[in-house]
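The values are calculated or read from the model by the stated rules, or taken from the named source; none is laboratory data. This is a predicted model, so every value here is computed, not measured. For neighbour counting, all protein chains shown are included, and Cβ atoms are generated from backbone atoms with ideal geometry for every residue, glycine included.
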Amino acid sequence: MTQNDRAFFGHPRGLATLFFTEMWERFSYYGMRALLILFMTAGVEAGGLGFAVDKAGAIYGLYTASVYLLSLPGGWLADRFLGQRKAVLYGGIIIALGHFSMAFPMLGTFYFGLVLISCGTGLLKPNVSTMVGTLYEQGDVRRDAGFSIFYMGINLGAFIAPLVCGYFGQNVNWHLGFALAGVGMTLGLIQYLAGARSLGDAGLYPTPAADEREAAVLRGQLFRGMGSVVVLCVALALLGVTGVVEYTPAWISNAFGLGMIGLVIVTFGLMFTTGEWTPGERNRLIVVAVFFFASALFWGVFEQAGSTLNLFADRNTETRILGWAFPSSWFQSANAMFIILLAGVFAWIWVKLGKNDPSSGTKFSIGLISAGLGFAVLIPAAQLSGGGEKVSPLWLLGVFFLHTVGELCLSPVGLSAMTKLAPARVGGFVMGIWFLATALGNYMGGRVASLYESFSLAELFGAVAATAIVAGLLLAVFVKPIARLAAGEQERTGSG
């Protein structure tokens, strides 16, 4: 790709293909997610699973974390064996099969569908984002704006999905809503294959091994990894069958959380102790680690949209305007609606500021504070709804507006920063680390949702707000040191 390719709103034509691929993948994901916790907590007589909130929250957090956690091996497989192009295709197929599995009204197919969607997203999500970065040459000033456009495509799918899947899922049949999510992913695959030529060589081949010895090492790593997974699954199955361990959702979620903490420690330990990094590369990897933890905390707050805030919308918020009732899942479109309205504005602001563009550290700080303020706004609403009366939809709309401001300061900027900070030979792996932060945040958000009935909502929302705001202020104090570490060989175009 060259800077002369400006076929898609001044950007490479391949951006259009990836834009619509991710749009339909996000349609499938957010369409199903808008229904997930509502379906699990709905009574059996209403077609739901009848789960208690603490159980549903644990499953929700486990699933949404797995979706992003599997981006780590997904990025590695693409880097070393598949190439990003095939990884996106295979991932989309698995995702579609997962949604169609959930269309069947059986508990087994429900869980199986969640597993398939997690695995498929792990292949697709990090690699489609990495391919966006490869469309631009190093130093191309359009890169940040390109990621903002790509991000708008994500949210176009996220906006439409709850309106379609949410309506049919809540008003007609839950499983019809899940099936429609599968239809969306199928449309995305058709579009991806049709537009493959516009991508050129982007993501077509994995990173070649330096020699046969390195190739043998990589094959050994793959086989050992697959073998370890098989052994672990067999061991867990035997423990369950023999009655040694009772696999309740709470036990599984707790074990998953401990495993995730261990994975974070091992991942960063390996990243800093292996590989021959230059001083500049090592400094930028330190910034990756800082952004990782800031991102994890942000997503822990933000991703309660589909859990805590979804329950608040369903149980504590008025869903009738001028006598017209609408599904509570439609609130899930609010964030995407605000992004569609504001993404272009933010992209224009970053470009217009030029050399005065705030560093990524500053934008991350603003993102955390905005997320915390969103929950702070909701504290009075929680107090008003304590007596059993439902509050105005404007409260939730205000929360989603503030969260959107925070997201636009952090998420597309973070995606772009990862592609610039990561050494080229581990680009997919570092993008997987970025989504590992999202996995950790989703897990924390799900566990907070498990506490929905254990504390007063005002106390719960207040604790979430205070944590995010304090973290954002702390990050702001270290903006300049972070900028110096990130500078390295990079130009200062918002990467730090």
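Some points to look at:
- Residue within segment 396-415 that is assigned to a loop (DSSP other than H, G, I, E, B), out of contact with any Phe, Trp or Tyr (no Cβ under 7 Å at 6 or more places or on another chain) and either among the hydroxyl-bearing types (Ser, Thr, Tyr) or surrounded by fewer than 24 Cβ atoms within 10 Å (Cβ to Cβ) (or both) present: no
- Applying the criterion of being part of a helix (DSSP H, G or I) and acidic (Asp, Glu) to the residues of segment 279-337, the residue that is nearest to ALA486 (Cα to Cα) is GLU281.
- Criterion violated by VAL266 - all others in (1) within 21 Å of the chain's Cα centre (by Cα); (2) over 16 Å from SER66 (Cα atoms) satisfied: (1)
- For segment 95-113, a residue qualifies if it is free of Cβ contacts under 8 Å to residues at least 60 places away in the same chain and buried (at least 20 other Cβ atoms within 10 Å of the Cβ), and exactly one does: SER101.
- Between PHE81, PHE8, PHE27, the distinction of being over 15 Å from GLY446 (Cβ atoms) and either among the hydroxyl-bearing types (Ser, Thr, Tyr) or under 17 Å from the mean Cα position of the chain (by Cα) (or both) belongs to PHE27 only.
- Flag if TYR63 is at pLDDT 90 or above, in the same structural domain as TRP434 (by TED's automatic domain parsing), assigned to a helix (DSSP H, G or I) and under 24 Å from SER228 (Cα atoms): yes
- Residue that is nearest to LEU440 (Cα to Cα) [pool: residues in segment 253-278 that are touching a residue at least 12 places away in the same chain (Cβ under 8 Å) and loosely packed, with under 15 Cβ neighbours inside 10 Å]: PHE272
- Residues of segment 163-202 that turn out to be hydroxyl-bearing (Ser, Thr, Tyr) and within 21 Å of the chain's Cα centre (by Cα), as a count: 2
- The requirement of being closer than 26 Å to MET23 by Cβ, in contact (Cβ under 8 Å) with a residue 12 or more places away in the chain and among the small types (Gly, Ala, Ser) is satisfied by SER328.
- LEU189 out of contact with any Phe, Trp or Tyr (no Cβ under 6 Å at 6 or more places or on another chain), in a helix (DSSP H, G or I) and at pLDDT below 95: no
Residue-wise test of (1) small (Gly, Ala, Ser); (2) surrounded by 23 or more Cβ atoms within 10 Å (Cβ to Cβ).
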position	(1), (2)
ALA16	yes, no
TRP24	no, yes
LEU36	no, yes
PHE39	no, yes
GLY43	yes, no
GLY50	yes, no
ASP54	no, no
GLY57	yes, yes
SER71	yes, yes
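- From the options ALA449, ALA487, ALA463, ALA483, residue that is surrounded by fewer than 23 Cβ atoms within 10 Å (Cβ to Cβ) and at pLDDT 85 or above: ALA463
- Residue within segment 59-70 that is within 23 Å of ALA255 (Cα to Cα) and touching an Asp or Glu at 6+ places or on another chain (Cβ under 7 Å) present: yes
The rows are residues; the columns are (1) part of a helix (DSSP H, G or I); (2) closer than 30 Å to LEU123 by Cα; (3) among the polar types (S, T, N, Q).
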site: GLY427; (1), (2), (3): yes, yes, no
site: VAL430; (1), (2), (3): yes, yes, no
site: THR438; (1), (2), (3): yes, yes, yes
site: MET444; (1), (2), (3): yes, yes, no
site: VAL448; (1), (2), (3): yes, yes, no
site: SER454; (1), (2), (3): no, no, yes
site: LEU475; (1), (2), (3): yes, no, no
site: LYS480; (1), (2), (3): yes, no, no
site: LEU485; (1), (2), (3): yes, no, no
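Listed here are the residues, each with its yes/no results for (1) touching a residue at least 24 places away in the same chain (Cβ under 8 Å); (2) under 30 Å from SER328 (Cβ atoms); (3) not hydrophobic (A, V, I, L, M, F, W, C).
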position: PHE19; (1), (2), (3): yes, yes, no
position: ARG33; (1), (2), (3): yes, yes, yes
position: PHE39; (1), (2), (3): yes, yes, no
position: SER66; (1), (2), (3): yes, yes, yes
position: TRP76; (1), (2), (3): yes, no, no
position: LEU82; (1), (2), (3): yes, no, no
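- Considering residues of segment 153-168 that are closer than 15 Å to SER129 by Cβ and not hydrophobic (A, V, I, L, M, F, W, C) only, the residue surrounded by the most Cβ atoms within 10 Å (Cβ to Cβ): ASN155
- Boolean, ILE93 is in the same structural domain as GLN191 (by TED's automatic domain parsing), touching a Phe, Trp or Tyr at 6+ places or on another chain (Cβ under 8 Å) and part of a helix (DSSP H, G or I): no
- Flag for GLY153 being assigned to a helix (DSSP H, G or I), more than 17 Å from ALA343 (Cα to Cα) and in contact (Cβ under 8 Å) with a residue 60 or more places away in the chain: no
- First in segment 288-301 and buried (at least 19 other Cβ atoms within 10 Å of the Cβ), second anywhere and outside any helix (DSSP H, G or I) and not aliphatic (A, V, I, L, M), Cβ under 9 Å, 6 or more apart: VAL290/PHE478; PHE291/GLY496
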